[in-house]
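Below: the structure, in structure tokens.
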Amino acid sequence: HDDAVAGAHGGRVRPVTLSRGDGMNHGGWRMQRELRQAYGRVDADGEVRAIVLTGAGRAFCAGAALAPKGETFDGSRDPSAWDEKYPPPVFDAPDLLTPVIAAINGAAVGAGATMTVSCDIRIAADDAKIGFVFNRRGVIPDADLLWSLPRMIGYARAMDLLLTGRIFTGQEAAEMGLVSRSVPRDEVLVTAQSLARDIAENIAPVSAAITKHLGRQFLMEGDRRNALERERVLFRWAGQQPDAREGVEAFLEKRPARWKLSKNDDLPDDLELRR
């Protein structure tokens, strides 16, 4: 494929697919830039309520495309070469206003595994091979892993995965809480899409954006009282918006809600987005 990442058009659930044409979707700077640009383009669409990230072929992403003579990690390959080709808006999954669901359909190793950690929800194939193999390649975990993984699954479990760099299955990932659930391989994408449709059809897009960003911000908030006050302020703000009335009336009238607010245009000014 000419493009390493493909983003479909139309619909409230938008698929974004890692697609290198080899079935394994080995990544690199190009794939990273294409993914960030695809995220930015899809997130800017006010109709999109959920994103499903998956891989074409038999793998999600089998890791970085390794180069000889140490060039993979030594910084000699300048990523700025892609800046002009992939102009803004470009974002990582945590910075989006839209929930991102990873459908881990196969191997997710190294950069591929890291890519899933940045998503909001993860569904994995029971037999998917997952691994944070960085220490086995002579480098260290990157892209926020050392901060985020211990907070997700606990320090001991995170170090078990990071220090050993071992390969584990999607089923084990579900047992330790790294993914929401594991399912048979042929059900991964269907399960992720069903979850995305539920969000798209039933969740107020502004409520989802605020919940996602507060959840991320509170991982860095050491003062519970500060977090509680922030939550109270934004709850009061949300309660005064048209969507709060619509959500209650739709429930009482037993009909689908018709949300009024736009995730791109109607967020509170003080949400402190990292954008």
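The values are calculated or read from the model by the stated rules, or taken from the named source; none is laboratory data. Small disclaimer: the values here were computed from a predicted structure and weren't measured. Positions of Cβ are generated from backbone atoms using ideal geometry, with glycine treated the same way; all protein chains shown enter the neighbour counts. These accessible areas exclude ligands, DNA and RNA; they are computed on the full protein's heavy atoms, side chains included. Shrake-Rupley method; radii C 1.70, N 1.55, O 1.52, S 1.80 Å.
Worth a mention:
- Cross-link reach list, aspartates and glutamates versus K85, counting only Cα pairs under 20 Å and skipping chain neighbours closer than eight places: D2, D3, E34, D43
- Separation of the L219 and A156 label points, Cα + 7 Å toward Cβ, nm: 2.2 nm
- Working from label points 7 Å from Cα in the Cα-to-Cβ sense, the D186 to N135 distance is 3.9 nm.
- Here the 3J(HN,Hα) profile of region 90-99, calculated from phi with Karplus coefficients 6.51, -1.76 and 1.60 at θ = phi - 60°, is 10, 9, 8, 3, x, 8, 6, 8, 10, x Hz, Gly and Pro shown as x.
- Per-residue SASA remark: E249, around 60 Å² accessible (1.4 Å probe; ligands, DNA and RNA not included).
- Near-label residues of region 34-53 by backbone N, under 20 Å of a point 7 Å along Cα→Cβ of N202: 48-52
- Ratio of Rg to Rh over region 174-275 (Cα coordinates, Kirkwood Rh, two decimals): 1.03
- Sequence-distant aspartates and glutamates (8 or more away, or on other chains) whose Cα lies within less than 18 Å of K254: D198, E201, D243, E246
- The residue list Y86, A113, G11 was ranked by how far each Cα lies along the charge dipole of the chain toward its positive end, using unit charges on Cβ atoms, and A113 comes out on top.
- Between the amide H of K129 and those of A107, A108, distances stay under 5 Å, these residues lying 5 or more places away or on another chain, with hydrogens modeled in the peptide plane.
- Our coupling estimate for region 231-241, obtained by passing each phi through the Karplus curve with A = 6.51, B = -1.76, C = 1.60 and θ = phi - 60°, is 4, 5, 4, 6, 5, 4, 4, 4, x, 9, 9 Hz, Gly and Pro reported as x.
- Sequence-distant lysines (8 or more away, or on other chains) whose Cα lies within less than 18 Å of K129: none
- Accessible area per residue was computed with a 1.4 Å probe on protein heavy atoms; V233 scores about 50 Å².
- Taking every alpha-carbon pair under 8 Å whose residues sit at least 6 apart, the chain reaches a relative contact order of 17 percent.
- Whole-number D in µm²/s for the chain (Stokes-Einstein; Kirkwood sum over Cα pairs; 25 °C, 0.890 mPa s): 125 µm²/s
- Taking the DSSP beta bridges with both ends in the chain, the antiparallel portion is around 20 percent.
- Relative contact order (%) - region 130-275, alpha-carbon pairs under 8 angstrom, separation at least six: 19 percent
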